[in-house]
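Asks: Pasting a structure below so you can have a look.
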Amino acid sequence: MITFKDWKKEIVTVPNLLSLFRLILIPVYATLYMTAKTTGQYLGAAAVLAVSSLTDLVDGVVARKCNMISRLGIMLDPFADKMTQGVIILCLTIRNLTILPLLILFVIKEGAMLTMGCLLLKSGKMLDGALFTGKVCTTVLFVSMIALVVFPTMPKNGQIALCFICAVFMAISLVSYILCFFRRKEHIRDIEE
């Protein structure tokens, strides 16, 4: 039976609260970006993304340094990342169809990763945190997407170049997760550990 103390340690932690805060920022960003018309408004939307990115960085550091890693946090942090990334790419695509191939690749990548994660859970296992390639991909994606938000009139060649860079990192990340899934040795552990 879970006691109040266990519940507080597992659920109410600084990293989990930061992940929830990032989820709350998603509709704020979407509203600001989709209604933006001036440079200041685009900068406001980008500032929300910057805050979201910083809280993502801080929650990981706090979780490790202060021993606040929880099962909920292991799921909540990447969920907040993926929801934020998905909404950013979707909003950019709605306003600029040049981004559409990146949105399609994102959906394929995340769909594959969700499927692999569910199969692991079904067998009583889970990924032991994000892979290095996944962290790099997340960083590249956030930096590139913030650049596209800050510079909405970026020349098409610049937009295509940023999307291509993101696509390369997404593909590398997906391949590394697929390899990890099929090897099932490194980075995968039993849920009960």
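Asks: Would you mind giving the three semi-axes, in whole Å and largest first, of the ellipsoid equivalent to region 20-86 according to its Cα gyration tensor?
Replies: Details: eigenvalues 147, 29, 9 Å².
Square roots of five times the eigenvalues give 27, 12, 7 Å.
Asks: Can you compute 3J(HN,Hα) from phi for each residue in region 56-66, using the Karplus curve 6.51 cos²θ - 1.76 cosθ + 1.60 with θ = phi - 60°, rounded to whole Hz and x for Gly and Pro?
Replies: For region 56-66, the Karplus-derived couplings read 5, 5, 5, 5, x, 5, 4, 4, 6, 5, 9 Hz, x marking Gly and Pro.
Asks: Could you pull out every residue, at least 5 positions away or on a different chain, whose amide H is within less than 5 Å of the one on residue 151? Hs are placed 1.01 Å off N in the peptide plane, and Pro or chain starts have none.
Replies: Under 5 Å from the amide H of residue 151: no residue qualifies.
Asks: Near the amide H of residue 188, under 5 Å away, which other amide H atoms are found, from residues 5 or more places off or on another chain, if H is placed in the peptide plane?
Replies: Distant-sequence amide H within range of residue 188: 128.
Asks: Considering amide H positions built from the backbone, and no H for Pro or chain starts, which residues 5 or more places from residue 125, or on another chain, come under 5 Å of its amide H?
Replies: Amide H to amide H, under 5 Å and 5 or more residues apart or across chains, residue 125 pairs with 191.
Asks: Right, here's the next one. Starting from 0.36 nm per residue, how many nanometres of slack lie between residue 115 and residue 143 once their C-alpha separation is accounted for?
Replies: Values: separation 28, 0.36 × 28 = 10.08 nm, distance 2.69 nm.
Fully extending the segment from residue 115 to residue 143 adds 7.4 nm.
Asks: Leaving out ligands and nucleic acids, note down the accessible area per residue over the chain with a 1.4 angstrom probe, in whole Å².
Replies: Working: 11210 Å² over 193 residues.
Result: 58 Å² of accessible area for each residue.
Asks: Right, something else. Cross-chain or 8 or more residues apart, Cα under 23 Å: how many lysine pairs in the chain fit that? Count them up, please.
Replies: Here the count comes out as 18.
Asks: Something else about it: With a 1.4 Å probe and all protein chains left in place, how much of the accessible area of the chain comes from carbon and sulfur atoms, in whole percent?
Replies: Numbers: 8230 of 11210 Å².
Roughly 73 percent of what the probe reaches on the chain is carbon or sulfur.
Asks: For the Cα atoms of the chain, what angle does the longest principal axis make with the long axis of helix 156-183, in degrees from 0 to 90, nearest 10?
Replies: Approximately 20 degrees, to the nearest ten.
Asks: Let me ask something else. As an exercise, use a Förster radius of 30 Å and the Cβ-Cβ distance of residue 160 and residue 107 to find the FRET efficiency, rounded to the nearest 0.05. Write out the running numbers ahead of the final one.
Replies: Values: r = 19 Å, r/R0 = 0.64.
FRET efficiency, residue 160 to residue 107: 0.95.
Asks: Which distance in Å, rounded to a whole number, links the C-alpha centroids of region 27-56 and region 117-193?
Replies: 22 Å
Asks: Could I ask something else about it? Taking every pair of Cα atoms in region 109-179, average 1/r, invert it to obtain the Kirkwood radius, and report Rg/Rh to two decimals.
Replies: Numbers: Rg = 14.9 Å, Rh = 13.5 Å.
My calculation of the ratio gives 1.10.
Asks: Another question about this same structure. Using Cα pairs closer than 8 Å and at least 6 residues apart in sequence, work out the relative contact order for the chain, in percent. Write out the running numbers ahead of the final one.
Replies: Numbers: 179 pairs, mean separation 48.0, N = 193.
Relative contact order for the chain comes out at 25 percent.
Asks: What's the extension gain from residue 122 to residue 171 if we count 0.36 nm per residue and subtract their Cα-Cα distance?
Replies: 15.1 nm
Asks: Then there's this: For residue 183 and residue 21, what does the FRET efficiency come to when R0 = 35 Å and r is the distance between their Cβ atoms, rounded to the nearest 0.05?
Replies: Working: r = 35 Å, r/R0 = 1.00.
According to the calculation, E is roughly 0.50.
The values are calculated or read from the model by the stated rules, or taken from the named source; none is laboratory data. Since the structure is predicted, the reported quantities are computational estimates derived from the model, not experimental observations. No Cβ is skipped: glycine too gets one built from the backbone with ideal geometry, and neighbour counts run over all protein chains shown. What goes into the accessible areas is simple: the full protein's heavy atoms, side chains included, and nothing from ligands, DNA or RNA. Shrake-Rupley method; radii C 1.70, N 1.55, O 1.52, S 1.80 Å.
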